[in-house]
Every structure is written in C-alpha cells, then in structure tokens.
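Take a look at the structure set out below.
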C-alpha cells in the first residue's frame with residue numbers, strides 16, 4: 001500500500017456523502033484518510049484547516065466559490081480537485097477540475113480516475129529540480145564513489161553527503177545507484193563513455 005492520501009468530500013447530503021465514503025473504503029489498494037465537509041459555506045475554512053491533497057465536490061455546489069481561489073486557500077501546491085458529476089455540467093466548468101467522476105461510474109472506473117489524479121501529482125513531484133550540489137553528488141555516486149570519497153572530494157562532511165543523498169532520493173523517487181545512473185545519462189549529467197572509462201579504470 002502506498003503513502004497516505006488525504007481526501008476531502010464536500011457534500012451536504014448524508015446519503016451521497018456516505019456513498020462516497022463507502023466507495024473510497026472499497027479502494028483497498030489506496031491508503032486513504034477521509035475528511036467530511038458537510039457545510040459548503042465553510043468549505044474554504046475546512047480546506048485551510050485540513051489541507052487535503054484531493055477534494056471531491058459537485059461543481060453545482062460551489063456556487064460563488066472560485067475553484068482557483070480554493071486552490072490558493074488550501075496552500076498545498078499539489079492540491080487536486082475531482083468533480084462529482086451527478087447532473088449535467090458544462091464542459092467549460094469541468095475543464096477546471098483535475099478529474100471528473102460520474103454518477104454511474106463503476107468502482108473500477110472511480111479507482112482509475114483517482115489513481116490518475118494521484119499519478120499527476122506524483123509525476124510533478126518527480127520533476128523537482130536538483131540543486132547544483134545535488135547534481136554533483138549524483139555524478140559522484142554514478143561513478144561509484146563512496147560517501148566518504150564524495151565528502152573528501154567536495155570538502156564536506158560524510159553526514160552532509162548522506163543528507164544530500166536522502167534529499168535526492170526524495171526528489172527523484174530513485175533509490176538505487178542503477179536508477180541514478182539512468183537518470184544522470186538521460187539528463188546529460190554524465191556521458192555513457194565517462195561511466196565506461198571509470199568502470200574500466202577500476203578493473
């Protein structure tokens with residue numbers, strides 16, 4: 001099971017809200033925490049309080065609320081909003097949402113749509129850029145250097161190198177030297193010949 005996903009359901013109807021909760025609990029492949037927002041008038045306040053990653057709401061309920069303003073209020077740059085389309089909605093209105101779930105969608109369709117929204121979020125996280133120092137450390141790792149060797153060459157402590165490596169792993173979601181090697185080649189941090197030359201020099 002993946003990391004915990006915080007989902008807010010904004011819906012005054014207890015029947016519809018309970019239905020959503022039941023559906024989300026059946027998505028056993030996702031680790032979900034659910035926040036219920038029963039009063040749409042307090043939506044902005046509740047979103048600021050709980051800062052969920054995903055909001056599920058019917059576009060017709062937002063009324064005068066601006067989706068753009070809601071995103072700003074949450075203060076979470078990864079915040080996503082899924083429209084629950086229980087009645088006809090204009091395409092122009094739905095285009096502002098990160099996903100749309102229909103009243104007659106199957107459990108599998110709902111799961112796929114939520115997964116897609118989560119994948120969008122995760123792909124953006126992966127695109128976080130490395131600092132100049134982090135790129136230097138990636139190159140050293142790819143060349144097979146130990147933490148102590150990297151520390152000595154960059155005039156840093158081993159502890160600092162380990163901290164940088166944790167940050168690199170979190171930013172890229174890459175946790176192996178092989179993965180970093182592919183990343184370094186694709187992003188032109190090193191040339192394939194440079195790695196080959198280093199590997200042969202070690203023989």
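The values are calculated or read from the model by the stated rules, or taken from the named source; none is laboratory data. As the structure is a prediction and not an experimental result, all values here were calculated from the model. Counting neighbours? That spans all protein chains shown, and the Cβs are built from the backbone with ideal geometry, glycine included.
Overview of values
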| read-out | value |
| --- | --- |
| Per-region count, segment 146-175, residues farther than 13 Å from residue 136 by Cβ, modelled with pLDDT of 85 or more and part of a loop (DSSP other than H, G, I, E, B) | 3 |
| Residue 114 outside any helix (DSSP H, G or I) and either under 17 Å from residue 4 (Cβ atoms) or in contact with a helix residue (DSSP H, G or I) (Cβ under 6 Å, 6 or more places away or on another chain) (or both) | no |
| Flag if residue 101 is at pLDDT 90 or above, buried (at least 16 other Cβ atoms within 10 Å of the Cβ) and farther than 30 Å from residue 23 by Cβ | no |
| Residue within segment 60-70 that is surrounded by 14 or more Cβ atoms within 10 Å (Cβ to Cβ) and within 22 Å of the chain's Cα centre (by Cα) present | yes |
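Listed here are the residues, each with its yes/no results for (1) closer than 20 Å to residue 101 by Cα; (2) modelled with pLDDT of 85 or more.
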{"site": "10", "(1), (2)": "yes, yes"}
{"site": "16", "(1), (2)": "yes, yes"}
{"site": "24", "(1), (2)": "yes, yes"}
{"site": "34", "(1), (2)": "yes, yes"}
{"site": "39", "(1), (2)": "no, yes"}
{"site": "42", "(1), (2)": "no, yes"}
{"site": "46", "(1), (2)": "no, yes"}
{"site": "62", "(1), (2)": "yes, no"}
{"site": "67", "(1), (2)": "yes, no"}
